[in-house]
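First comes the structure, then the notes that go with it.
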Amino acid sequence: MLGDFNLASPYAAYACLRQGPPLVWDANFCGGAWLVHRHSDVQASLRHPDLSVRRVGGWVSQAGAAPSPRLQAFKGLMARTLVFLDRPRHTRVRRVVNTAFSPKSLETLHSTIEERITQILLGLEQKLQHGPADLVDEVCRPLPALVMMDLLGLEQLPLAIFQVWSEQLARFIGQATPDVPLLMDTQNALLDMADFLGNTSNLREGGLAWQLLHDEHLSLHGRRERLAQSCMLLFAGYETSRHLLSTLFQTLLSDTSKLRSLQTQPENIPAAIKEVLRHDSPIQYTARRLMRDQHWHGQHLRKGQLLLLLLGAANRDPEVFTEPDELDFSRNNQAELSMGHGIHHCLGVALVHLEARLTLEKALPLLSRLQLGQGQRIDLPAYRGWNSLPAQLRESQ
C-alpha cells in the first residue's frame, strides 16, 4: 500500500490507512511489513520490550549481495551502533554516549554553534548579493556537519567527504528495499568512515571520538563497538538536523504570516520547531522486529516479522491532535513522536533543537528579505526534507 505512495506528500496515504484497520500488511514495502499508524499503537510499540531494533541482517539479505570479508565488517559495525542494539546492551552503551549530550556538554558547545551559524549566514548573505543561493547547500548541509565534527573533535575531515559518507548511509537506511549497488556503496562509505575515525591522528586528543576509541574506563567492548558509536553519532546527528532545518526554511518562506509571527515573537521559536517536527517529521518511520508470536488487533503476528511504525502518520492522528493537518505554532506538542519514544528516543534531540533555535534566531531578519524558488524534495521514503531550496533577495531590497 505504501510502496508507491507520493513522496511529495505521504499524508494522503496515511489518511487512507486511518480509514481502515489499525494494522495493515504490506507485502511489498521493506520486503513485507505490518504498517502501524495510530498514535497510541506507534507509541506503545516504541516502548514494547518484545520488539527488537536489530534489523541490519535483514537489510543485507534483501539486497542479495555475495558474502565477503568487507561485507561482514560492514554488518558488524552497523549492528553494533546504538540505534540497532536491544537491552541490556543498549542500556550499557547509551549510558556512555549520553554524557556527550548532557546540558553541561551542550552549554560548552553553545558558543561554537553560534559562531558557526554567524559565519555560515554571513557567507550566505554575501553570495545572495550576487544572485540566487541554495539554502540547503549553504546552511542546512554544512551547519549540522560542522557541529558534529566539533562535537566529536575531528581535526582533518573535509566537509565534502563527510557529507558524501553520511548521505550515502542515509540513502541505504532510507530506502525500503536496498539493492546490491546501493549496499556496496554504503559498505564502502561506512568502512571509510570507520578507517578515518580509527586513526588517532585525525582526532583531537580528549575529544569525544578520541575518548570513545581510547578511554578504557568506558564500558564499551572492543574496537568495533567503540568505532560504531562514533560512526553512528556522526551520521545521525547530521541527517535529522539538516532535514529539520530545510523544512523550517521552506515552511517559513512559504508562509509570510508564520514568518512575521516569529519575528515579532521570537520567544515562540522553540514551540514552532516542535510543531514543524510534528507536522512534517524529518523521520517518517522506524521499524521493529517481533521477538515472538503475538496476537494484536485481531491479527496473528509471527516472530521475525517487521512492524513499520509510521511516525509521520502518528503525528497527524486526529485522536491526539486537533486539526492535525494545520500548522499551529501555539499547539501543545508534548505527544509528538518525531524523535521516537522510550529507550530509543533520539539521543541528540536537545542538540537538534538547539541548532534549529539558534539558526532561526539569527536567520529571521535575512529570511524576511528572501524569495523562495522551486525547491526539490529528497526522494527517500523514510525521510522528509529538501535536497535544494533556491532563494534570492527580493527585488525591493
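What number goes with the only condition from (1) polar (S, T, N, Q); (2) within 17 Å of SER230 (Cβ to Cβ); (3) in contact with a strand residue (DSSP E or B) (Cβ under 8 Å, 6 or more places away or on another chain) that GLN129 does not pass?
(2)
Among the residues of segment 288-297, write down those that are surrounded by 15 or more Cβ atoms within 10 Å (Cβ to Cβ) and of a type in the set (Lys, Arg).
ARG288, ARG289
Report, by residue number, each residue of segment 298-340 that is under 17 Å from the mean Cα position of the chain (by Cα) and either part of a loop (DSSP other than H, G, I, E, B) or surrounded by fewer than 21 Cβ atoms within 10 Å (Cβ to Cβ) (or both).
Listed by number, the residues that qualify are ASN315, GLU336, LEU337, SER338, MET339, GLY340.
Hey, ALA27 hits all of (1) loosely packed, with under 14 Cβ neighbours inside 10 Å; (2) touching a helix residue (DSSP H, G or I) at 6+ places or on another chain (Cβ under 9 Å); (3) free of Cβ contacts under 8 Å to residues at least 40 places away in the same chain but one; which does it fall short on?
(2)
Determine whether segment 271-279 contains at least one residue that is exposed (fewer than 14 other Cβ atoms within 10 Å of the Cβ) and acidic (Asp, Glu).
Scanning segment 271-279 turns up no residue that is exposed (fewer than 14 other Cβ atoms within 10 Å of the Cβ) and acidic (Asp, Glu).
How about segment 231-263: which of its residues are closer than 30 Å to PHE84 by Cβ and among the polar types (S, T, N, Q)?
Residues satisfying the conditions are THR240, SER241, SER246, THR247.
Any idea how many residues of segment 255-297 are part of a loop (DSSP other than H, G, I, E, B) and aliphatic (A, V, I, L, M)?
Matching residues across segment 255-297 total 1.
Those residues that are in a strand (DSSP E or B) and within 28 Å of THR177 (Cβ to Cβ), I need them from segment 344-383; list them, please.
GLN376, ARG377, TYR383
For segment 47-78, enumerate the residues that are in a helix (DSSP H, G or I), in contact (Cβ under 8 Å) with a residue 60 or more places away in the chain and either in contact with a Leu (Cβ under 7 Å, 6 or more places away or on another chain) or under 17 Å from ARG289 (Cβ atoms) (or both).
ARG47, GLY58, TRP59, VAL60, GLN62, ALA63, ARG70, ALA73, PHE74, LEU77, MET78
Go through ASP150, ASP137 for me and flag whichever is closer than 22 Å to GLU167 by Cβ and in contact with a strand residue (DSSP E or B) (Cβ under 9 Å, 6 or more places away or on another chain).
Going through ASP150, ASP137 in turn, just one is closer than 22 Å to GLU167 by Cβ and in contact with a strand residue (DSSP E or B) (Cβ under 9 Å, 6 or more places away or on another chain): ASP137.
Tell me, which residue of segment 243-256 that is among the polar types (S, T, N, Q) and either closer than 15 Å to LEU124 by Cβ or modelled with pLDDT under 95 (or both) is surrounded by the fewest Cβ atoms within 10 Å (Cβ to Cβ)?
Across segment 243-256, the extreme among qualifying residues is THR256.
Based on what the data block shows, is LEU146 within 18 Å of HIS353 (Cβ to Cβ), touching a Leu at 6+ places or on another chain (Cβ under 8 Å) and without any contact (Cβ under 8 Å) to a residue 40 or more places away in the chain?
It is true that LEU146 is within 18 Å of HIS353 (Cβ to Cβ), touching a Leu at 6+ places or on another chain (Cβ under 8 Å) and without any contact (Cβ under 8 Å) to a residue 40 or more places away in the chain.
Determine whether segment 104-119 contains at least one residue that is touching an Asp or Glu at 6+ places or on another chain (Cβ under 7 Å), in a helix (DSSP H, G or I), among the basic types (Lys, Arg) and within 30 Å of THR251 (Cβ to Cβ).
No: zero hits.
Among the residues of segment 204-214, are any farther than 20 Å from VAL147 by Cα and part of a helix (DSSP H, G or I)?
The answer is yes, given that some residue of segment 204-214 is farther than 20 Å from VAL147 by Cα and part of a helix (DSSP H, G or I).
Which residues, taken from segment 226-244, are over 25 Å from ASP195 (Cα atoms) and out of contact with any strand residue (DSSP E or B) (no Cβ under 9 Å at 6 or more places or on another chain)?
LEU244, the sole residue that qualifies.
Quick check on my filter: what residues within segment 354-372 are more than 21 Å from GLU114 (Cα to Cα) and surrounded by fewer than 16 Cβ atoms within 10 Å (Cβ to Cβ)?
ARG369, GLN371 - these are the residues of segment 354-372 that are more than 21 Å from GLU114 (Cα to Cα) and surrounded by fewer than 16 Cβ atoms within 10 Å (Cβ to Cβ).
Scan (1) under 21 Å from the mean Cα position of the chain (by Cα); (2) within 22 Å of VAL349 (Cα to Cα); (3) at pLDDT 95 or above for the single condition GLU115 breaks and write down its number.
Looking at each condition in turn, GLU115 falls short on (1).
Rundown of residues vs (1) of a type outside the set (Asp, Glu); (2) farther than 25 Å from VAL136 by Cβ; (3) touching a residue at least 40 places away in the same chain (Cβ under 8 Å), yes/no style:
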site	(1), (2), (3)
GLU155	no, yes, yes
VAL164	yes, no, no
ALA170	yes, no, yes
ILE173	yes, no, yes
PRO178	yes, no, yes
ARG204	yes, yes, yes
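The values are calculated or read from the model by the stated rules, or taken from the named source; none is laboratory data. Just so it is clear, the model here is predicted, and its values are computed rather than measured. Don't worry about glycine lacking a Cβ; one is built from the backbone with ideal geometry, like all the others, and counts go over all protein chains shown.
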